[in-house]
């Protein structure tokens, strides 16, 4: 099993009144082996480019399944209000998702 250089086990979770997103870095996404093709357009990329807000229904679950397996432990979540306008960020991802958005 490959070791993740940044073995962070605590992630921020942002939400608005109807949806939530797991905040990860682009490097963490790549370390999990995921690309834009593996992510739905319901996730967003910060305008400065480094942060990805993974939507909770498909993308965050996909990322967490890989990340926790590689870490061999569960991650923790911290609610954040640092990103109040995630839906204004550019969409990130091209994968279709069957979950209701």
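The table for this structure:
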{"quantity": "Extension gain from residue 81 to residue 25, taking 0.36 nm per residue of separation minus the Cα-Cα distance", "calculated": "18.5 nm"}
{"quantity": "Residue order, fewest to most beta carbons within 10 Å, for 28, 48", "calculated": "48, 28"}
{"quantity": "Mean projected area in nm² (Cα convex hull; one quarter of hull surface) for the range 10-92", "calculated": "4.9"}
{"quantity": "Normalised contact order of the range 10-92, rounded percent, pairs of Cα under 8 Å and 6 or more residues apart", "calculated": "41"}
{"quantity": "Cβ-based exposure ranking for 45, 87, in which fewest neighbours within 10 Å come first", "calculated": "87, 45"}
{"quantity": "Added length on full extension, which subtracts the Cα-Cα distance from 0.36 nm per residue, residue 48 to residue 71", "calculated": "5.5 nm"}
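Values in this text are rule-based calculations from the coordinates and carry no lab data. None of the values given here were measured: they were computed from a predicted structure. We place every Cβ from the backbone using ideal geometry, glycine too, and count neighbours over all the protein chains shown.
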